[in-house]
Structure formats: structure tokens, C-alpha cells
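Presented below is the structure to which this report refers.
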Amino acid sequence: MKLSALHQSYLNRRNNIFRGQAVDPSADGAMKSPAAVFWLALHGLCCLVSLILGFRFSRLVFFLLFSTSATTNLYTVPLQQVAEEASGGSVLHFSSTPAVNQELPVNKTAPRVVVGRHGIRIRPWPHPNPVEVMKAHRIIERVQREQRAQFGVKNPRNLIAVTPTYVRTFQTLHLTGVMHSLMLVPYDLVWIVVEAGGASNETASLIAKSGLTTIHTGVKERMPSLWADRHRFEAKMRLHALKIVRDRKLDGIVMFMDDSNMHSMELFDEIQNVKWVGALSVGILVHSTNVGESSLSDVQKEADNPVIPVQGPACNSSNILVGWHTFNPLPLKEKSANHIDDWGMVLPRKLEWAGFVLNSRLLWKDFSDKPEWMKDLILFDEVDDVESPLLLLKDASIVEPLGSCGRQVMLWWLRVEARTDSKFPPGWVINPPLEITVPSKRTPWPDIPTEHLTVDNSIGAQEQIGVVKRPAKAKGSRSKRSSRSRRKHEARTVETQVSEKQTKQN
Amino acid sequence: MKMLTNIWTLILLGFLCSAFPSMEPMRTGALKLHRSQPTERISGSAGDVLDDDPVGRLKVFVYELPSKYNKKILQKDQRCLTHMFAAEIFMHRFLLSSAVRTLNPEEADWFYTPVYTTCDLTPNGLPLPFKSPRMMRSAIQLISSNWPYWNRSEGADHFFLVPHDFGACFHYQEEKAIERGILPLLQRATLVQTFGQRNHVCLKDGSITIPPYAPPQKMQAHLIHEKTPRSIFVYFRGLFYDVGNDPEGGYYARGARAAVWENFKDNPLFDISTEHPTTYYEDMQRAIFCLCPLGWAPWSPRLVEAVIFGCIPIIIADDIVLPFADAIPWEDIGVFVDEKDVPNLDTILTSIPVEVILRKQRLLANPSMKQAMLFPQPAQSGDAFHQVLNGLARKLPHGRSNVYLKPGQKILNWTAGPVGDLKPW
């Protein structure tokens, strides 16, 4: 009774906060009894005490004396010392249990759950247990495997990834990207790496880190330096890989993963839908470098090409292949690169090999079910330029469009290469470490945005060094190939200059 | 010789017939809850009883009340159609056009009174229950004076929808609700409510628990592809401390939500926070477990959302009675954790065998499970409306209990209850 009156006064306050202007009429009656008045007076006294002490003393006393839970841990730490004193006393149910029990009909058992204030249970060390975290991860893995089995691809086929590569500065960068994508693929995989200039140890050590089944072969000739020749040579290297598939009778889906492309994981799931030959949409990440400077005629020409050019199958409204979206290089021809060290951007060919996938059985020599539209690989030994896998087919209309008829773009084409004179630390390890340590607030280079870095080698003025700001579009990095090397080159010299200045100032 | 072969074939047939039910994967008869309290279950499970069709098994008569009890209230505040108590309005609309409705009260098994007691909303959208007892009382007085069917049984063949926090106790605070108890006039009626807790004053025997209303179209609009891998282990979004009403903690959720926060706020497996993300539904579909702890009342729409999105519900509410508990095997589908075991939640969850988890996910994927939790407009077969009717049909025939009173017998006390309730509405 006493407790309930006090409780009710507290709850009345809570009422008003909870519902705003609502007033509960039925609660007024309980305040009138003398016991309630006495407890109100005591409550007022406790309020005065708390004003002096600075915290809510009355609730604390009641909570400690009449705590419901017998657990050892209470919420606030300072209570623990006081709790030890109070635990000697009897432990009563905080809420007015007798009153509750009176209202229950006789045949119901006493409720296990009591209304009122409960302690907040905290275990002694409330932090994650690494063993349990590992168990949970195994559970998650198993659930995801089950999901893949139920909703993913049924009877997944092997993948055969063909990557032409050659040793150069950015090889580690590109090949690691492709390698990590392949390591995430949940299907069985064979990776055929064809290297220009013969199979080298650098490439071999790189791909050995992947833990995948790899076939590393080399082609004797070195990579040519004209981009047009390069494209042709890469096609040759891919045909070399296809011959390996034919000779070893590898079974699966052949896909062409150029080492400078970006692949999304959905790509690998989508490819499983192919029957014989499939085509995907490839996003091409080239664009005119300065959009603002392009003339009006350029803009009009760009309107014909989509904003991000996409190469791939074109379908009509009933999702049947009717043609091809190709990349139109003409408006950008003046700005394109011809030579390996050129300033302009590298353009793709009309249809890249990367956008096609083949069933490896098409390449086998004596495959009984081979369709008649597939030409034999031997015919292409002497052919100079196999621009795209479509040339391997007699009839291009059998190609299956993948990725909801080319509407989904799951891979991106981009060629970024370092200049031949770029100096990168061998093995990408800076050894010995840089000596200059600059406090973070002051960087050796100022934040003035500069224009294009010029090709000349003058390093003197500090203004030339700066963060080259590009328009923030997704086609970002094609022109950075020389800027990165330049920046590093100049950063080192600038650091020495700054250190000199510092010593002078000091 | 012939007789012998006949006898053998009979025995064989008898053997086969008895073997068939035992091959069903689901159990029949009495089931033990994890708290060792046996519950009588109808034979079968999700997919069996949930598919029952109530049409033809019962007849419902809908009283024509003046529009001040229903339409006018709804017109004053349209939010009543979208909040979690909207089941009372949609049930009315469903029954008006349903095949179980009869216009002849003489042949009706059940009588429905459409009074919207949970539609008096504050500016914030929370329903005020202070006038609800008077409204209900006035409605009952109306039907008892205009039709003879109430007095015939004193309401034992009538059912009412009371989806508020504590059902027909008509209060949002638990102590107050317990003090008031169920409205005395509703003592004999069947209550269809969202609140359910064993051995609680506000849940009477024979009540039907329903899920709270969750908007079906909104949830359908946020469905993502099923092959999206489930990468979140435990997911929860909501309050841990109700700072406005219970700043120190300990009252809200009986301290259980606060315990979850204090124990697991730095645990990478628990994606819990008080934010309101726009991707809430999508996130639930990427989670394996979804916490459904109690709040001020033990029930919450989180259970419905978890079932729809295939996330195993972890129910932290002692003695809770879940919706359609007699038709849905909740212990097979969800995980029940006592409030006192909350600090060990991570141990409990990681020690569940993977096969059990996969089985729960399979049961949750059952479309009739998901359908039973929803109140779609227009009504579809197997949805929550039909489950309510199934529940009512299972209580028939009325002859079993003392439904119909002898002439002159009076059980209800029309003057019981707080003085404030007796004022006319």
C-alpha cells in the first residue's frame, strides 16, 4: 500500500510526460489517505536531501532496499558498495505484489513476471569472446552456402579465366586486382596467364600467392609499343590460351579477364547462364579529359554515344539480340594515344574480348555435339588480327545476351599504364625508409590546385607540385599515369627542399 | 485360405494407415514448450492448420452500430489506418464483405461489434485509452438493448477486437492495466487482442492473439532477391532506454533492452542501434537473427517483420503468448531467451546447431507462415483475418461450455469497475 502510493505519485509524473496533456482521472483518488500524505512528506524530505547531495537519493534508497533481482551485478558501479550493506536486509519484491495477487483469480498461479523496476543485468566482462565470434562466422558461412545452393546457380560449371599480361610497372597493381576478384569467386576455377616475353619469375611469384589453379605460359615475342599493335598481340595471346584449352580438353566456361579490367562478383554468377557463346555489356571508362573545353560539335557527338560508353549486345523489346553497341572512337581520335607513352587516353577496339564468354567445349577438336557455326581454331594460326571472338563464329546471331540483355554492366574496361621512364620502388617496397618525417599539419606540398602537369622535367618551382584535381567523375584515372610518377619524383626533391628550409628557419 | 489372406491384407492396410501419420515431420497432440508447460496443439502445423478455410465452418453477424462508434472516429483521424492498431478497422471491413457474414442473426454462431476503441490519437500518434472503457460500455449497452443476443448469453458468443497495449484492460501502463483488469462487461466475451502473456490479468482464457498490423504493401515493396547473402548475425533497431519516461532504465522492457545494449554494444556480431535507417527492411533480409525484445508491452511489430523477411526472431519476453499460438509452432521457428539469460545471448546463439538454424529458416520460408501474419487489403486466403476466423471456428460448437444462459440468469455485474467508466459516452 505504502509503496504503491509512492509509486503512483511517481507514475503520475510519468503519465504527464508520456502523453503530453493527458490527465489520468482515476489516479487522483489514491492520494488522499494519510499514509500517502506521510510518504509524500518523506519523499519531499528526500528531494531536499538530493538537492544538497546532487543526485536522486530517494529512488536510490528504495532501489537498494527493495531490489527485485538477486543477481550480483547492478547497473551503476557506485551502488555496489552500498548494495553490499543493503544485501544483508530482506529482499522484498519492489512492486506491490500483494496487491497484484489479490486481483488474480484463485486458480491462476502467481505470475513469474513482476511489474516494476528490474536491475539491468550485465555480465562481468561484457565484451565479445573470440571463440564465439568464430563460431558465429562459421554459422554465417554455412547459412550463405545454403542460400547459394537454394537460390544461386544450380550445378555451377568451372570457370577458365584467360589473362594476357606482361611485366611492367603496373603489372602488380592490375594483376593483384584480378587475382583478388578470382579468389572471391565461389566456383572452381582455372586461371590461364599468358605472358608476353616468356613466362617470368616475377609473374609466377605473383600469381602463386593466389592459391588458385593456374597455367602460366609464355609467348616468345615481347609486347609491341604501339597501342594498335598491342591490341592485336593480346588477341594472339588469347588465341594461344584457347589452344591450351583445346589441347588439355579443359571443361568449363572460358572468360577473358584482362588484367586492367574491373569485374564485379555478379559477373561470375551471370556467366553460369551461358550455353554456348554469351555477350556482356562492358563499360568503357574513357572520356574527353576536360569536359568544359569540348566544343559544341563534340558535345553533340557525345550525345550520340551514351554518357558512359557501353559495348555489348543490343536487344529489341522481346529481348532478342538484334545488334551490337560498339564504341565509336571517331570523336576522340585526336585525343587518343597511339604510342605507349602518349599523353592521350587509350581507346578500346570496337568490341572487346572481355565482353564475351565461351563454352570451352566449342574449342575441343573432336567434340561430337559441336555446333556447325563454330570455326576451328587452326584456321586462325596465320590470321593477323582476330578483333573479337565473333570472328570465330560463322553466324553471330547465336550469341546469347547476358546480364538482362546487356542492361546490367558488370565489368569495366580501362587501360592505365605507367610511362616507360617512371621510377617505382622495386617490389613496391620503400627501402631504406624515407628519412623526412613531416608533421601532419604541414605537408611538403601546398594545397594549391594546379593545372596539368607539363611534360617537361623542370622540378624547381614548388607551385608545379600539387594535387592534380580532376573533375570528379567515375572515369577518373586515365591521365594519371604520368602524374603519379611525376609526383613521387618531385615529392622526394621537394622534401629535401623543405628540410633545407626548415633547417634554415631553425 | 482365402480368409487368411483377407485377414493379412486387412492387417497390412491397417499397419500402413497407422504408419502414415507418423511419417509427417510435424508433431501432433500436446507439445512441450521449453518452459516445461505443456500446451494443447491442434494436430499439424504451419501448412496444415494455417490452410484451413473458415468459410462454411462458422457464421458471423455484424452489428450495425451508429457511425459515431466507427466511421466518425476514423474520419477524425486517418492515421488509424496505418498504425499498428489498425487491425480493428480492417477486420470490420473484411467481415462486412466476407463469405462468413450472415445477415440473419438467428443462424449466426458469432457476433461482432465494430467499435474502434484504439482510434483516439495524440498529436504524436499514440492512442489514448481513457475513453475506451466508456465507449465499449456504451456500445454493449446499445447492442444489449436493441438485440436480444447479448442477454441470451451475456456476450459469450460475441467477439471484440481490442488491439491496444494491454488488450481490454485499456491502459498503456502495466500496473494501471493490472489494477483495472479486463472490462467487467467483457468477462464472457471472446477477445481478439495483440497482447498475450501467461498468467496475466489482461489475457483471459479463450482469447485469440493476433499479430499487430504491419503494412503489407510497404513490406512487399522492400523485398530483395533471396540470394543476397545473409551477412548480419543479429540485427536490431529501436530504443534501449526510453529516455522520456524511464531515464535511468529498469522499468522499460524490464531492463532487458538496456541489458542487450550494455552487454553487446561493442560486439561485432550484433548490429544494434537506435537509428532509423531507410534500409531497415532490406537490412532485416540480410540478417540471420532479429531481436524481438519486449518494450512497454511484450508484443511488437518486429515479430511480423522478422517472419516476413525470413529472419529468425529472438523473442526476449518472459511468458509471452505469441499470435495464433495454437496454429503456429513458434518454438520451432523462433528462439526464446529468458530475460535473465540476456547477458549470455551471444553464447546461446552461437551454440545453436547449424542444422537447427537452417531448419528454422526453412520453416520461416513457408509462404503460409508469412501470409498468416499479414492483414492484406483485399483479404487473401490464409491471411490473419482467416486465422482469426479459424480460431473462432475451433471454439465451436457453443453447446460445450455454458454459453447460453438459462432464462433469468445473470452473471455480469453492470456496475462493476471504476466510477469513471460508468459515465455515458
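The values are calculated or read from the model by the stated rules, or taken from the named source; none is laboratory data. These figures come from a predicted structure and were not determined experimentally. Glycine gets a Cβ as well: all are built from the backbone with ideal geometry, and neighbour counts include every protein chain shown.
Here B:ALA99 meets each of (1) more than 18 Å from B:LEU389 (Cβ to Cβ); (2) surrounded by fewer than 21 Cβ atoms within 10 Å (Cβ to Cβ) with one exception, condition (1).
Does B:ILE314 count as surrounded by 16 or more Cβ atoms within 10 Å (Cβ to Cβ) and within 14 Å of chain A (Cβ to nearest Cβ)? Here the answer is yes, as B:ILE314 does meet what is asked. Within the range B:259-268, is even one residue farther than 26 Å from B:GLN217 by Cα, within 23 Å of the chain's Cα centre (by Cα) and of a type outside the set (A, V, I, L, M)? No, that holds for no residue. Tell me yes or no: at least one residue of the range A:368-386 is at pLDDT below 85, part of a loop (DSSP other than H, G, I, E, B) and closer than 18 Å to A:ASP258 by Cβ. Yes, there is a match, as at least one residue in the range A:368-386 is at pLDDT below 85, part of a loop (DSSP other than H, G, I, E, B) and closer than 18 Å to A:ASP258 by Cβ. Inside the range B:407-425, residues that are in contact with a Leu (Cβ under 9 Å, 6 or more places away or on another chain) and surrounded by 12 or more Cβ atoms within 10 Å (Cβ to Cβ) make up a count of 6. Considering only the range B:138-153, state which residues are exposed (fewer than 15 other Cβ atoms within 10 Å of the Cβ) and in a loop (DSSP other than H, G, I, E, B). Once the filter is applied, which keeps residues that are exposed (fewer than 15 other Cβ atoms within 10 Å of the Cβ) and in a loop (DSSP other than H, G, I, E, B), the range B:138-153 yields only B:PRO148. Quick check on B:LEU345: is it on the phi < 0 side of the Ramachandran plot, within 14 Å of another protein chain (Cβ to nearest Cβ) and in a helix (DSSP H, G or I)? Yes, satisfied. The numbered conditions (1) surrounded by 15 or more Cβ atoms within 10 Å (Cβ to Cβ); (2) in contact with a helix residue (DSSP H, G or I) (Cβ under 6 Å, 6 or more places away or on another chain) are all true for B:TYR404 except (1).
Considering A:SER422, A:SER404, the condition of being under 30 Å from the mean Cα position of the chain (by Cα), surrounded by fewer than 20 Cβ atoms within 10 Å (Cβ to Cβ), not assigned by TED's automatic domain parsing to the domain that holds A:ASN316 and not charged (D, E, K, R) is satisfied by A:SER422 alone. The set of residues in the range A:162-215 being of a type in the set (A, V, I, L, M) and touching a His at 6+ places or on another chain (Cβ under 7 Å) consists of A:VAL193, A:VAL194, A:ALA199, A:ALA204, A:ILE207. Kindly evaluate B:TYR172 against the criterion of being touching a residue at least 12 places away in the same chain (Cβ under 8 Å), more than 15 Å from the chain's Cα centre (by Cα) and within 14 Å of chain A (Cβ to nearest Cβ). Against the criterion (touching a residue at least 12 places away in the same chain (Cβ under 8 Å), more than 15 Å from the chain's Cα centre (by Cα) and within 14 Å of chain A (Cβ to nearest Cβ)), B:TYR172 qualifies. Take the residues in the range B:116-137 that are buried (at least 18 other Cβ atoms within 10 Å of the Cβ) and hydroxyl-bearing (Ser, Thr, Tyr); name whichever of them is farthest from the other protein chains (Cβ to nearest Cβ). The extreme case among them is B:TYR116. Given the condition hydrophobic (A, V, I, L, M, F, W, C), buried (at least 19 other Cβ atoms within 10 Å of the Cβ) and within 21 Å of the chain's Cα centre (by Cα), answer yes or no: does some residue in the range B:244-253 qualify? Yes, the range B:244-253 contains a residue that is hydrophobic (A, V, I, L, M, F, W, C), buried (at least 19 other Cβ atoms within 10 Å of the Cβ) and within 21 Å of the chain's Cα centre (by Cα).
Taken as a whole, the condition of being among the charged types (D, E, K, R), in contact with a helix residue (DSSP H, G or I) (Cβ under 8 Å, 6 or more places away or on another chain) and in contact (Cβ under 8 Å) with a residue 60 or more places away in the chain does not apply to B:LYS395. Restricted to helices (runs of 4 or more DSSP H) entirely inside the range B:222-330, those with at least 3 residues that are in contact with a Pro (Cβ under 8 Å, 6 or more places away or on another chain) and of a type in the set (A, V, I, L, M) are B:256-264, B:302-308. Taking the range B:104-114 as the range and being crowded, with 16+ Cβ neighbours inside 10 Å and within 18 Å of B:GLU154 (Cβ to Cβ) as the test, the residues that pass are B:ALA108, B:ASP109, B:TRP110, B:PHE111, B:TYR112, B:THR113.
For the range B:181-192, the tally of residues that are within 12 Å of another protein chain (Cβ to nearest Cβ) and closer than 18 Å to B:PRO298 by Cβ stands at 2.
Residue-by-condition table, conditions (1) away from every other protein chain (no Cβ under 14 Å); (2) among the charged types (D, E, K, R); (3) over 20 Å from A:ASN261 (Cα atoms):
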position: A:PHE151; (1), (2), (3): no, no, yes
position: A:LEU159; (1), (2), (3): yes, no, no
position: A:GLU195; (1), (2), (3): yes, yes, no
position: A:SER205; (1), (2), (3): yes, no, yes
position: A:THR213; (1), (2), (3): yes, no, yes
position: A:THR217; (1), (2), (3): yes, no, yes
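Answer yes or no: is there a residue in the range B:369-385 that is within 19 Å of B:PRO211 (Cβ to Cβ), assigned to a helix (DSSP H, G or I) and of a type in the set (D, E, K, R).
There is at least one residue in the range B:369-385 that is within 19 Å of B:PRO211 (Cβ to Cβ), assigned to a helix (DSSP H, G or I) and of a type in the set (D, E, K, R).
Out of the residues in the range B:349-376 that are under 30 Å from B:ALA258 (Cβ atoms) and buried (at least 16 other Cβ atoms within 10 Å of the Cβ), state the one that is nearest to the other protein chains (Cβ to nearest Cβ). Step by step, filter the range B:349-376, then rank; the result is B:THR350.
Of the residues screened, A:ALA199 is not one that is under 30 Å from B:VAL234 (Cα atoms) and aliphatic (A, V, I, L, M).
With respect to (1) in contact with a Phe, Trp or Tyr (Cβ under 7 Å, 6 or more places away or on another chain); (2) modelled with pLDDT of 95 or more, the lone exception for B:PRO313 is condition (1).
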